[in-house]
Amino acid sequence: MKLKEKDKCILRGLLENGRLSYSELGRRCGVSRQVAFERVRRLSEAGVVRGFSACLDAEKLGFSFNAYVLLIAKPEERLRNELVAFLRSSKNVRKIQLLFGRFDFFLELLFGSKDEMTVFLREMHSFGAVERTETFIVYQTVKDKPEGVFMQCLGEGEDSKM
């Protein structure tokens, strides 16, 4: 999809503040409220905008332990499917990614306590699909700006392809 400069402006506005009104988006980008609305609708239908959400502070909500797990799974599909179903249904799993390479899964996890994390890891290991894991506990986050890379890609300038 080829993005026009006005589309990039609208996307930058939404990344900065997803609660901007269409009137404010239009004002910032030099288009009418209706044009801003139509461009957001078109970008959503094209899948460029996948949704709108709030950024929450995990620690203030009681999730003081952030961990990452690299997991090697046994090849049996039935066991893997059971494991994936468990991971998908767990309130502690923030992200599940399948990998190429030495590890099969990359998990991002949030917990309220070390004990809660221990119980989860033991339960996860009880699945026959888990061959080996490596767990990393985060002690400090230095940067958490997932939209930063998109802001750079949407910077001022010529039209870009996406």
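Residue by residue through the stretch 49-60, note down the ones that are of a type in the set (Asp, Glu) and either assigned to a strand (DSSP E or B) or surrounded by 11 or more Cβ atoms within 10 Å (Cβ to Cβ) (or both). Across the stretch 49-60, the qualifying residue is only 59. Residue 26 meets the conditions (1) in a helix (DSSP H, G or I); (2) over 25 Å from the mean Cα position of the chain (by Cα); (3) surrounded by fewer than 19 Cβ atoms within 10 Å (Cβ to Cβ) in every case but one. The failed one is (3). Identify, by number, the condition in (1) assigned to a helix (DSSP H, G or I); (2) more than 30 Å from residue 82 (Cβ to Cβ) that residue 145 doesn't meet. Condition (1) is where residue 145 drops out.
Of the residues making up the stretch 29-48, those that are crowded, with 17+ Cβ neighbours inside 10 Å and assigned to a loop (DSSP other than H, G, I, E, B) number 1.
In the set (1) loosely packed, with under 12 Cβ neighbours inside 10 Å; (2) under 19 Å from residue 58 (Cβ atoms); (3) modelled with pLDDT of 95 or more, the condition left unmet by residue 137 is number (1). Looking at the stretch 61-89 only, could you name the residues that are part of a helix (DSSP H, G or I), of a type in the set (A, V, I, L, M, F, W, C) and surrounded by 11 or more Cβ atoms within 10 Å (Cβ to Cβ)? Matches in the stretch 61-89: 79, 83, 84, 85, 86, 87.
Matching residues to (1) over 12 Å from residue 64 (Cβ atoms); (2) surrounded by 15 or more Cβ atoms within 10 Å (Cβ to Cβ):
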site: 107; (1), (2): yes, yes
site: 111; (1), (2): no, yes
site: 116; (1), (2): no, yes
site: 122; (1), (2): yes, no
site: 130; (1), (2): yes, yes
site: 133; (1), (2): yes, yes
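Residue pairs whose Cβ atoms lie under 8 Å apart, sitting 6 or more positions apart in sequence or on different chains, and linking a residue in the stretch 135-147 that is within 14 Å of residue 108 (Cα to Cα) to a partner that is of a type in the set (S, T, N, Q) and surrounded by 10 or more Cβ atoms within 10 Å (Cβ to Cβ), are 137/66; 138/66; 141/66.
The values are calculated or read from the model by the stated rules, or taken from the named source; none is laboratory data. What you are looking at is a predicted structure, and each value in this text was computed from that prediction instead of being measured. Every residue, glycine as well, gets a Cβ built from its backbone with ideal geometry; the counts of neighbours run over all protein chains shown.
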